[in-house]
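J.: The following block contains the structure, expressed as structure tokens.
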Amino acid sequence: MSDRSLETVADDEAPQFGELSPPNRTLMGPGPSEVHPRVLRGMSTPLVGHLDPSFVEIMNEVQELLRYTFRTDNQWTIPVSGTGSASMEAAIGNLVEPGDTMLVPTNGYFGGRMASMAERAGGEVVEVDAPWGEPLDPADVEAAFDEHQPDVFGFVHAETSTGVLQPHVPELTDIAHAHDAYVIADCVTSLGGVEMRVDEWDVDVAYSGPQKCLSCPPGASPLTLNDRAMDKVLDREEQPRSWYLDLSLLEGYWGDERAYHHTAPITNVYAIREALRLVAEEGIESRWERHLDVAGDLKAGLQDMGLEMNAPDEYWLPSLNAVRVPDAVDDAAVIDYLLEEYDLEIASGLGDLAGDIWRIGCMGYSARPQNVEFLLATMEDALAEQGFDGA
Ligand SMILES: *Cc1c(COP(=O)(O)O)cnc(C)c1O
């Protein structure tokens, strides 16, 4: 035995920090939303191996719960390792082949991200326009199809940058399918909070993230593909550019084989299992209803204060409320005041709506009456500080 002491003594250079103690925030921004205590408890559960028979069981349960939440029977339904952008890139990077044309929307930040990903996949990008703060008009989508004959059409069901819900989803998927194209829906800020029916609405590929309406920390992100889309992916002539997100390889792990591809983020899989169990306990339709009710109270309260919503009711997005900043009110000062005085997080506008709106999330575990009451009371105070009296 060596006589080196096992006692460890920090050397002079080792950084020494205090124990982790982040502030206790109320999260009413564009995500992450507050995490349900049961999900946090699930995350402190000891690990098993990622090929352990007990973990294979957990994987099956997560897949079944995801199918329930997406309203789909798609066999190809998995949590992708990574944040929402990983499931987004898995969808676009596998479905879009070099030379394919992808039609993307210009009415928000995430349509722009779709375009970047499609380009990196070797696709050609064409656009269908609508102003930031408005949804796509099916007639414009039809016209874009007639003009460009795209192979893939992507749209954002719940545009977090603008607080716009894309209505007419079945109309959009009909247009795409009449042109033999595939549809990819960004459901990051709708899944588990706003009505989305993958099978009934004929969406070929849908992806989401855990930290919005599912109230789960980022790390494992929902993705579903129907057989038609998966056939295209498995028939590719050229491999997708990402090894990590190659669905033909991931099939080996999530499909029948259960072979190693990469180590699943075990703790995040535990987390999403618990988050999805909460969805199933509540019932998906009741959950959509709760978001409508709680965010409806938020909207009514803000309007009573003299504030205006950016989106009309037809395409108001309950999970992300875009509120007009009144003239002579400093949007950033209100955001800072709420954070400093009340530990409450909301966000500013982005892109074309920067300075014009606040973005107030009402997602998952954050979509509770007590959060709404707290937000309304503190917002009233913040506006009074700014000398605003709209009522
Ligand atoms: C948050 C979000 C994403 C990206 O998810 P990350 O978890 O930040 O990678 C994609 N699309 C929409 C609509 C989002 O709100």
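Values quoted throughout were computed directly from the atomic coordinates according to the rules given, and no laboratory measurement underlies them. Because the structure is predicted, anything quoted here is derived from the model rather than measured. Methodologically, a virtual Cβ is constructed for each residue, glycine included, from the backbone with ideal geometry; neighbour enumeration extends over all protein chains shown.
J.: I want to verify a result. In a Gaussian network model of the chain, Cα cutoff 10 Å, which of these has the top mean-square fluctuation: 46, 265, 135?
T.: Comparing 46, 265, 135 in a Gaussian network model of the chain, the most mobile one is 46.
J.: Another question about this same structure. Label residue 24 and residue 341 with points 7 Å out from Cα along Cα→Cβ: what is the distance between them in nm?
T.: 2.1 nm
J.: Something else: Can you tell me the equivalent ellipsoid semi-axes for segment 210-257? Use √(5λ) from the Cα gyration tensor, largest first, whole Å.
T.: On the way: eigenvalues 116, 31, 26 Å².
For segment 210-257, the semi-axes come out at 24, 12, 11 Å.
J.: Taking the number of other C-beta atoms within 10 Å as the exposure measure, put 36, 262, 177 in order starting with the fewest.
T.: In order of increasing Cβ crowding within 10 Å: 262, 177, 36.
J.: At what distance in nm do the modelled label points of residue 227 and residue 281 sit from each other, each positioned 7 Å from its Cα along Cα→Cβ?
T.: Each label point lies 7 Å from its Cα, and together they span 3.6 nm.
J.: Now for a separate question. In Å and on Cα atoms, what radius of gyration and Dmax does the chain show?
T.: 22.4, 80
J.: Provide the gained length on full extension for the span residue 356 to residue 249, in nm with one decimal, where the gain is 0.36 nm per separating residue minus the Cα-Cα distance. Mind showing how you got there, number by number?
T.: Numbers: separation 107, 0.36 × 107 = 38.52 nm, distance 4.46 nm.
The span from residue 356 to residue 249 would gain 34.1 nm if fully extended.
J.: Most fluctuating residue of 176, 139, 206 in a GNM of the chain with Cα springs under 10 Å: which is it?
T.: Top of the fluctuation ranking is 139.
J.: A follow-up question, please. Applying 1/(1 + (r/R0)^6) with R0 = 35 Å to the Cβ-Cβ distance of residue 263 and residue 139, what FRET efficiency is obtained, to the nearest 0.05?
T.: Between residue 263 and residue 139 the formula returns 0.15.
J.: With N set to the number of residues, divide the alpha-carbon radius of gyration of segment 56-215 by 2.2 N^0.38 Å and report two decimals. Working shown, then result.
T.: On the way: Rg = 14.8 Å, N = 160, 2.2 N^0.38 = 15.1 Å.
My calculation over the Cα atoms of segment 56-215 gives 0.98.
J.: Related question: Compute a Gaussian network model of the chain, connecting alpha carbons closer than 10 Å, and tell me which residue from 279, 56, 294 fluctuates the most.
T.: 56
J.: Here's something else I'd like to know. More than 23 angstrom separation, counting every C-alpha pair in segment 195-312; what % is that?
T.: Everything past 23 Å amounts to 50 percent.
J.: Still on this structure, please answer the following. Would you please calculate the Kirkwood hydrodynamic radius of segment 110-191 over all C-alpha pairs and express it in Å, rounded to one decimal?
T.: 13.0 Å
J.: GluC sites (Glu not before Pro) within segment 3-112: which are DSSP loop residues with at most 13 other Cβ atoms inside 10 Å?
T.: 7, 13, 19
J.: Rounded to the nearest 0.05, what FRET efficiency do residue 370 and residue 149 have when you use their Cβ-Cβ distance and R0 = 45 Å?
T.: The pair residue 370/residue 149 has a calculated efficiency of 0.30.
J.: Right, next: Let me have the relative contact order for segment 319-358, percent, based on Cα pairs under 8 Å that are six or more residues apart. List each step's numbers first, then the result.
T.: Details: 37 pairs, mean separation 18.9, N = 40.
This gives 47 percent for segment 319-358.
J.: Rounded to the nearest 20 debye, what is the charge dipole size of segment 37-281 about its Cα centre when +1 sits on each Lys and Arg Cβ and -1 on each Asp and Glu Cβ?
T.: Taking the Cα centre of segment 37-281 as origin, the dipole is about 1480 debye.
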